[in-house]
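The values are calculated or read from the model by the stated rules, or taken from the named source; none is laboratory data. Given the structure is predicted, the values throughout are model-derived calculations rather than measurements. Glycine gets a Cβ as well: all are built from the backbone with ideal geometry, and neighbour counts include every protein chain shown.
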Amino acid sequence: MKKILHIIGGLSVGGIENWLKDFINNSSDSNLEYHIFVCNNQQKEIALKVKAKKIYYTKNNNIVGCLKGINSLLKENNFDIIHCHTDLSSGLYVLLSRYYGVEKFISHSHTDRREIEKKASWNRKLYRFLMQKSIEKLVTTKVGVSNDAALSLFPNTKYDVEYCGVNINIDRDFHDEQLEKIKGKKRIFHVGRFSKPKNHDFIIELAKKIDNDSIIVCLGNGVEFNRIKEKIDMNKVENILLYGESNDVMSILYKYCDLFILPSLWEGLPLSLVESQKLGIYSLCSENVSKESNIGLVEFLPLDVDIWIENINKYKVDLRNKKLRNSSFTFESNYCYFYNKYYN
């Protein structure tokens, strides 16, 4: 039996979390025992759906709290492999893993922060330099969800790229009273955590300019939810709906979404974008999103409100093709890749 510890930033309904949930729940190898350490002390409903042996939470939401929690875990357990989904902090966690004799460490990069890091303070740049050196020297497997995500965390060393698998699970009879009320409008959806990279301020600017026959629906929650809601109320923006979190995002998109938008400031490879395309939904994305996410239904645009409005207006709802699409984003590939890393 091999014991694997996954380290993850949070356990809500984001893309990384859903991928890890599906990866663990559908694993066919009974010789692999999965544990999860969450670098956040908020326990979410999704945790109840993950078939991990055990889920641990940090006591304090900061790097010191995470280091203490992981240190205690490694002291009390004999893990064979650590699979880390955090960014630069994996450079610290790999040091702990080596101290406790865990030889296999997988650093899994999920985002591309290169543009935003150009504006970082000198101490942040020093931290980044030291962490990347630690990762370069000590991590045994370096893998990114896209080439851009890999280059962001592993700029000076060899790495692999493994696209995250996407399972399409929809309830064709799904019904939502709130969303039924906006039938007849052009329904523009955004899915993502309310945080700076998702650029909800830009979405508000779009909502101010779209016509009254359109509405933007934002699925998700996060640290910026209250600020965004207050800004919407203060500006009396009407053509926007903050839906909140949902455990059935795909069914919502399949039944109610006409157009998907993703005006992110930075991304790795957003699984929500792959999911929307697999559902046959046309998408508008910022140029900051990896081109590797395009499986045929994406238009990449600069972050200019007028250009986005022009593209939203020219999109016709009757262009929607609900035929489910296949792509290279499969769990079969993920299991083949990671099982090989776990065992060899």
Filter result for the condition that a residue is surrounded by fewer than 22 Cβ atoms within 10 Å (Cβ to Cβ), touching a residue at least 24 places away in the same chain (Cβ under 8 Å), over 22 Å from W19 (Cα atoms) and basic (K, R), over R128, R124, R113: R128
Being out of contact with any helix residue (DSSP H, G or I) (no Cβ under 7 Å at 6 or more places or on another chain) and touching a residue at least 60 places away in the same chain (Cβ under 8 Å) is the filter; apply it to the range 268-287 and report the residue that is nearest to R193 (Cα to Cα). S286
Would you be able to say whether some residue in the range 113-126 is of a type in the set (F, W, Y) and closer than 30 Å to S27 by Cα? no
Checked against (1) within 26 Å of N41 (Cα to Cα); (2) over 23 Å from the mean Cα position of the chain (by Cα), S195 satisfies every condition except (2)
With E205, E238 as the choices, which residue is more than 23 Å from the chain's Cα centre (by Cα) and at pLDDT 95 or above? E205
When both residues are 6+ apart or on different chains and their Cβ atoms are under 9 Å apart, which pairs have a first residue that lies in the range 156-167 and is within 18 Å of R128 (Cα to Cα), and a second that is acidic (D, E)? N156/E136; T157/E136
Enumeration of residues in the range 229-267 that are in a loop (DSSP other than H, G, I, E, B), of a type outside the set (S, T, N, Q), in contact (Cβ under 8 Å) with a residue 40 or more places away in the chain and farther than 18 Å from H110 by Cα: E245, D248, C257, D258
Test: K183 is outside any loop (DSSP other than H, G, I, E, B), farther than 26 Å from G9 by Cα and either of a type outside the set (S, T, Y) or assigned by TED's automatic domain parsing to the domain that holds N288 (or both): no
Run L284 past the list (1) under 15 Å from the mean Cα position of the chain (by Cα); (2) closer than 22 Å to S146 by Cα and report the number of the one that doesn't hold. (1)
Just one of E292, E275 is over 27 Å from E177 (Cα atoms) and crowded, with 16+ Cβ neighbours inside 10 Å; which is it? E292
Return a yes/no flag: does the range 214-226 have any residue that is touching a Cys at 6+ places or on another chain (Cβ under 8 Å) and either in a helix (DSSP H, G or I) or free of Cβ contacts under 8 Å to residues at least 12 places away in the same chain (or both). no
Mind checking which strands (runs of 3 or more DSSP E) fall wholly inside the range 12-108 and carry at least 3 residues that are in contact (Cβ under 8 Å) with a residue 40 or more places away in the chain? 81-84
